[in-house]
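Asker: My questions will all concern the structure given below.
The values are calculated or read from the model by the stated rules, or taken from the named source; none is laboratory data. All figures in this text were calculated on a predicted structure; none of them were measured in a lab. All Cβ positions, even for glycine, are placed from backbone atoms using ideal geometry, and neighbour counts span all protein chains on display.
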């Protein structure tokens, strides 16, 4: 059966999940695209249902119900310019700092009030690739389940724990108590060159807001503040790029022979 009515229950839920308020209310979010949906299924995401655009061929290994939408309805739900014809409605899996600690990895990333969905998605994807235990988004960051973030993670959101909406000070104290040094990337009086800093052992790496950087109170709690050398008149690096450089320097220092 092809769903053609805007009064359909599944259509109404999918439209609601395009908003942050709707996602918070339903505790579900949208995943779009063949690869992203496939990866979410393979990695054990709890799929409520699949929505398929009429005329799209699919072959997913899931017991979740599949609903076929008329093209005009599907396009109303889709967030992409060139939809691939597949959307999954997925349950939000609530994560806590303990879930990250249980990964027993030497590097954890904290994003302090990051606002750009592409930056957050890239940080999560890079954290997964660089063997980090998880990513933390502090209060004031962009909603983790924003469709742009979900797409940008390239399924990284299902690969490592991501904790949302927590307090910076609480996070720093928790990881310090569990043996992590606290490292932030920022330009200030006590900043040291990244490549001369000792990042061996367990570290909580903090990435600051795109415009304002790491907050002063948070910097005061850090063991080390690093700066990335720049040999031009560039004022700063993109937050996700800076974060990636710090993650991989930590990885390098902890894996070199």
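Asker: Within the range 6-25, is there a residue that is touching a helix residue (DSSP H, G or I) at 6+ places or on another chain (Cβ under 6 Å), in contact (Cβ under 8 Å) with a residue 12 or more places away in the chain and under 16 Å from residue 158 (Cα atoms)?
Answerer: no
Asker: For residues that are free of Cβ contacts under 8 Å to residues at least 40 places away in the same chain and assigned to a helix (DSSP H, G or I), scanning just the range 147-159, find the one that is surrounded by the most Cβ atoms within 10 Å (Cβ to Cβ).
Answerer: By that ranking, first place goes to 157.
Asker: Could you please find all residues in the range 160-201 being in contact (Cβ under 8 Å) with a residue 60 or more places away in the chain, over 10 Å from the mean Cα position of the chain (by Cα) and part of a loop (DSSP other than H, G, I, E, B)?
Answerer: 178, 180, 201
Asker: What number goes with the only condition from (1) without any contact (Cβ under 8 Å) to a residue 60 or more places away in the chain; (2) in a helix (DSSP H, G or I); (3) surrounded by 14 or more Cβ atoms within 10 Å (Cβ to Cβ) that residue 60 does not pass?
Answerer: (2)
Asker: Hey, can you tell me all the residues within the range 205-220 that are surrounded by fewer than 18 Cβ atoms within 10 Å (Cβ to Cβ) and either assigned to a loop (DSSP other than H, G, I, E, B) or touching a residue at least 12 places away in the same chain (Cβ under 8 Å) (or both)?
Answerer: Within the range 205-220, 210, 211, 212, 217, 220 qualify.
Asker: If you scan the range 11-49, which residues turn out to be at pLDDT 95 or above, closer than 14 Å to residue 78 by Cβ and assigned to a helix (DSSP H, G or I)?
Answerer: 11, 14, 15
Asker: Checking the structure you have, find out if any residue of the range 12-22 is surrounded by fewer than 21 Cβ atoms within 10 Å (Cβ to Cβ), closer than 30 Å to residue 130 by Cα and under 23 Å from the mean Cα position of the chain (by Cα).
Answerer: Within the range 12-22, one or more residues are surrounded by fewer than 21 Cβ atoms within 10 Å (Cβ to Cβ), closer than 30 Å to residue 130 by Cα and under 23 Å from the mean Cα position of the chain (by Cα).
Asker: Identify, from the list 97, 144, 101, the residue that is surrounded by 22 or more Cβ atoms within 10 Å (Cβ to Cβ), touching a residue at least 24 places away in the same chain (Cβ under 8 Å) and at negative phi.
Answerer: 144
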